[in-house]
Structures are given as C-alpha cells and as structure tokens.
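Contents: one structure, followed by commentary.
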Amino acid sequence: MLNQNKPSLPMPITAAPYAHQQAAFDFACRKFGLLPSDSFSRGVALLMEMGCGKTITAIAIAGILYQFGMIKKVLVVAPLSILGVWEEEFAGFAGFPYTLTILKGSSDKKRQQLKQNPGNGLQVITVNYESARILEKDLLQYDADLIIADEGHKIKEGRSKQSKTMHNLGDRATYKLLLTGTLITNKELDVFSEYRFANSSVFGLSFYRFRNTYFDMVGYGNHVPRFRQWMLNDFLQKVHSIAYRVTKAECLDLPDITEEVVPVVLEPKAMKLYRELEKESFAELADSEVTTMNVLTKLLRLSQVTGGHITDDDTGKHHVSTAKLDALADILDSAMEQGQKVVVMARFLPELDDIEALLQKNKIGYACIRGGVKDRAGEINRFQTDDSCRIFVGQIAAAGLGITLTAASTMIFYSMDYSMSNFDQAKARIHRVGQKNNCHYIYLACVGTVDRKILRSLREKIDLAKMLVDDYRKGKNPFADSSA
C-alpha cells in the first residue's frame with residue numbers, strides 16, 4: 001500500500017493509477033531528485049511482474065521528468081514485438097505532449113528517422129535491442145536524456161554485444177529505467193549486467209570483481225559460480241537500493257482481471273497477401289448472397305492469415321507469417337524468467353503446431369489439449385502439479401470447457417474464434433475457484449486486420465456476424481479494421 005506519510009507527486013497520465021503504480025512512481029521521483037530522499041540514483045529498476053502496469057508507470061516517470069524540464073529526449077529499447085505496445089500505451093495514457101517514433105525498415109531508413117524534426121513535446125524514439133546494437137553510434141549521437149530498457153533481462157548476459165551497447169548508451173544518458181518482472185534476486189549472477197546499465201556504482205564496472213566478491217568458483221576446473229550465502233544481506237541491500245519490486249500477488253489494489261492487447265505487425269509480404277485477400281473477399285460478396293455464413297466463411301480465411309497460415313484449394317496449406325509466433329516467443333521468454341506458468345489458447349491446428357514446435361525448440365515443458373488428445377486428465381494434472389510443465393497449450397474448441405488451469409494466472413489468446421460463449425468459457429479456465437492471484441489476459445492482435453474487429457466484438461459482446469453484415473449493407477468493407 002502507498003505510504004501516506006511520504007510526499008507524493010501526481011502522475012501525468014490520463015487514468016487514475018493503482019496504488020502500487022503511484023508508489024513505484026514516487027520511488028523513482030525520490031531517486032531522481034524530484035522528491036526528498038536520503039539517497040539519489042541516475043538509474044531505477046522497476047521489478048514489476050507482467051500485468052502490474054510497469055509500462056504506464058514508466059511513461060508517467062518520463063512525463064514528470066519532462067514537465068520538470070529535466071529531459072527532452074527518451075530512448076526506449078525493447079523486444080521487437082513490444083514496440084507497438086509502447087506506441088499504444090503512450091497514445092492511451094500520456095498526459096503530456098510528446099512525439100513518438102518507432103524506428104522501422106532498413107538501418108539507413110532508421111538513421112534517417114533519427115535525424116527527422118521530432119515536432120513538439122517530449123521526443124520518444126523506440127527501437128528493438130538488435131537494431132540498437134547495429135545503430136549504437138547513431139543512438140549515441142541522438143543523445144537521449146532518459147533510456148528505458150524494457151524486459152531488462154534481455155541484457156543479463158553482460159559480455160554480449162547487445163548488453164555492451166546498452167551499457168554504453170546508459171553511460172551517456174542522465175537517467176535510466178530498467179523494467180523487468182524477473183525476480184532478480186533469484187539469479188544473482190545476472191544482476192551485474194542489468195545494474196551495470198541502470199547504475200554502475202551499485203556493483204561497479206568489473207564483472208570479475210563482482211563475481212569474486214559474491215561467488216565461489218567450484219566444480220571441475222573451478223568454472224561454476226556458487227553464491228556466497230553469507231553475503232546475501234549485503235547483496236540484497238544493494239539490489240533494492242535502486243529497485244521497486246511488486247508481484248501480482250502483492251497488488252491487492254488490482255481488479256481480479258486485467259487485460260492487455262499486444263499489437264502485432266505482419267511482415268510486408270504477409271500484409272500484402274492479407275490486403276489482396278481482403279479486397280478479394282469484399283468483391284466476392286457482391287456476386288453472392290450476403291448471409292451470416294458467407295461472411296464468416298470469408299472472415300475465416302483472413303483470420304488464418306493473421307495466425308501465419310493460409311489454405312490453398314490446389315496446393316494445400318502455406319506458412320505465410322511468423323509475426324504472432326515471434327510475439328508469443330518474447331512474452332513467454334519474459335514469463336519463464338519470472339517463473340510463471342502460462343496458458344496459451346489458439347483456434348487453428350497449424351497455429352497449435354507452431355506453438356508446440358516453439359516450445360520444443362526452446363525446451364520448455366508443456367501440456368496440450370487439442371482435438372484427438374485422449375488423456376485430457378493426465379495433461380491437466382501434469383500442468384497443475386508438475387513444476388517443470390510451464391505452459392498449457394489449448395485449442396479453444398477442445399480445451400475451453402470443464403477443465404481447471406489455476407496453476408497459471410496469465411492466459412494468452414494467440415487467436416480467437418467468433419463465439420462469445422467459447423471466449424468466456426476459455427477465460428474461465430484460470431479465473432475460477434482455487435485461483436489465488438489476479439488474472440491477466442493477453443490478446444495478440446495483428447494491426448490493420450480482422451483481429452481487432454473480432455476482439456472488439458468478443459470483449460464488448462457484440463454479435464460479430466450481424467456487425468459484419470450491417471457494415472456491408474452500409475457500403476463498408478466488413479473485413480476492414482476501422483481502427484487502423
């Protein structure tokens with residue numbers, strides 16, 4: 001709970017913050033010198049689990065620094081699939097003027113974007129970690145006042161080029177924010193690189209000095225670091241000196257359910273194919289009777305494309321996109337770092353095949369219920385009781401009824417069918433008796449596609465088929481995303 005005895009500042013966002021977000025915001029304000037404090041820091045770590053709203057909190061921190069005249073330029077470095085989240089969260093919550101640019105295209109095009117006139121307000125540049133490595137010299141010239149490292153566990157390997165880039169960028173910036181849901185104290189060796197970025201004075205500049213201080217080298221050839229438990233209090237004191245930590249279980253102010261839409265951008269070739277199919281589907285309606293079944297059948301093919309596949313009458317199935325799979329991989333990577341169990345729901349069999357192949361490649365234990373699975377009880381029990389079984393993969397039509405998956409409190413909808421009943425039933429697999437945590441739902445929705453329209457109809461309980469037919473009769477393309 002927020003300590004009412006300490007001074008506070010209003011968060012410059014357009015929605016009322018939760019108490020834990022205000023507390024995290026005030027913590028950063030104290031460390032950055034905006035509020036009275038016994039200690040100051042150029043960097044702050046927000047250790048906030050998925051679903052706790054760390055992005056909105058970071059936006060508010062950037063906003064207050066801007067309003068106090070302390071920063072003009074922000075650089076956000078994040079996994080590729082999350083860049084669109086920053087764009088949407090700024091648009092939805094920033095209570096101050098800003099201009100946001102997502103660096104896209106070739107390296108030369110990204111360099112040109114960096115040099116463009118930013119417009120009014122706080123200048124925000126967002127870029128993915130790999131591009132930041134390639135554009136390091138250009139980003140140093142951009143000279144950001146505040147650098148935000150989202151999903152900061154991505155820089156835990158201190159000797160990687162990606163991490164060294166973040167260290168170099170961080171050394172130039174006046175302020176830094178490290179955002180991660182990882183319980184950082186459970187992976188002591190990883191702390192060095194993340195804190196080397198956030199505030200190098202906490203653990204110093206030398207990895208080897210850090211390792212020799214807190215670890216004994218054991219095992220064959222003395223190559224295995226073992227943490228010195230007698231150093232734990234000193235270690236934790238330093239970790240928490242610049243960190244605000246909160247988990248979903250500790251967020252008593254959160255509602256039972258929180259939701260997040262992750263915008264997914266289809267690759268150019270996939271988007272071109274999608275647009276051609278969208279126009280073709282609209283044109284075909286003019287030559288046929290516009291019925292509910294006819295409209296939904298055409299919608300089905302478009303939904304398949306956003307999931308990465310299309311079925312051709314002549315040659316069968318084709319794989320056309322990995323955009324959603326890449327986004328899922330980033331989200332699961334963060335969840336695994338946080339030690340969470342996750343449920344992933346999808347509609348189409350090729351999508352389930354892709355998801356299972358991803359988990360097998362990354363050696364993540366999982367259970368699965370889809371059409372044809374006979375031992376449903378065994379799969380459910382393994383997910384509920386086996387710590388090594390981290391992911392449950394479910395086909396909405398087969399796994400949306402009569403099962404309990406309360407070992408997880410996060411559910412990802414990779415794709416959705418069109419039934420409100422199936423949607424509500426699927427969500428209820430984790431939000432039911434026996435659930436001890438707040439539930440967080442993540443929806444992967446491809447930008448500028450039917451995904452947005454389908455999701456809107458399900459969340460707002462609108463008859464999707466009727467909405468599509470009505471749109472057509474009004475002269476609109478019923479498959480076009482009106483929000484794009």
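Descriptive notes on the structure:
- The set of residues from the stretch 218-236 being hydrophobic (A, V, I, L, M, F, W, C) and under 17 Å from PHE192 (Cβ atoms) comprises VAL224, PHE227, MET231, LEU232, PHE235, LEU236.
- Of all positions in the stretch 374-385, at least one carries a residue that is in a loop (DSSP other than H, G, I, E, B) and modelled with pLDDT under 95.
- Any pair with Cβ under 8 angstrom, 6 or more apart, that starts in the stretch 4-25 at a residue that is surrounded by 21 or more Cβ atoms within 10 Å (Cβ to Cβ) and ends at one that is basic (Lys, Arg) and in a helix (DSSP H, G or I): ALA24/LYS54
- Condition check for ASP143: exposed (fewer than 15 other Cβ atoms within 10 Å of the Cβ) and touching a residue at least 60 places away in the same chain (Cβ under 8 Å): yes
- Qualifying residue in the stretch 248-261 (condition: of a type in the set (Lys, Arg) and in contact (Cβ under 8 Å) with a residue 40 or more places away in the chain): yes
- Within the stretch 313-328, considering residues that are within 24 Å of LEU358 (Cβ to Cβ) and open to solvent by 20 Å² or more (accessible area, probe 1.4 Å), the one modelled with the lowest pLDDT: GLY316
- Listed by first and then second residue, the pairs linking a residue in the stretch 192-215 that is farther than 23 Å from LYS176 by Cα to a residue that is in a helix (DSSP H, G or I), with Cβ atoms under 8 Å apart and 6 or more places separating them unless they lie on different chains, are ARG211/LEU189; ARG211/PHE192; THR213/MET231; TYR214/GLU188; TYR214/MET231; TYR214/PHE235; PHE215/GLU188; PHE215/LEU189.
- Lone unmet requirement of (1) more than 16 Å from VAL342 (Cβ to Cβ); (2) buried (at least 19 other Cβ atoms within 10 Å of the Cβ); (3) not polar (S, T, N, Q) for ALA428: (2)
- Selection status of ILE148, buried (at least 21 other Cβ atoms within 10 Å of the Cβ), at pLDDT 95 or above and either among the basic types (Lys, Arg) or under 25 Å from the mean Cα position of the chain (by Cα) (or both): yes
- Total residues in the stretch 18-34 satisfying the condition of being at pLDDT 95 or above and not in a helix (DSSP H, G or I): the figure is 3.
- If only residues of the stretch 281-304 that are free of Cβ contacts under 8 Å to residues at least 40 places away in the same chain and surrounded by 13 or more Cβ atoms within 10 Å (Cβ to Cβ) are counted, the one that is farthest from GLU351 (Cα to Cα) is ASN294.
The values are calculated or read from the model by the stated rules, or taken from the named source; none is laboratory data. This structure is a prediction, so every number in the text was calculated from the model and none was measured. Note that each Cβ is placed from the backbone with ideal geometry, even for glycine, and that neighbours are counted across all protein chains shown. Remember, those area values only see protein heavy atoms, side chains included, never the ligands or the DNA or RNA. Shrake-Rupley method; radii C 1.70, N 1.55, O 1.52, S 1.80 Å.
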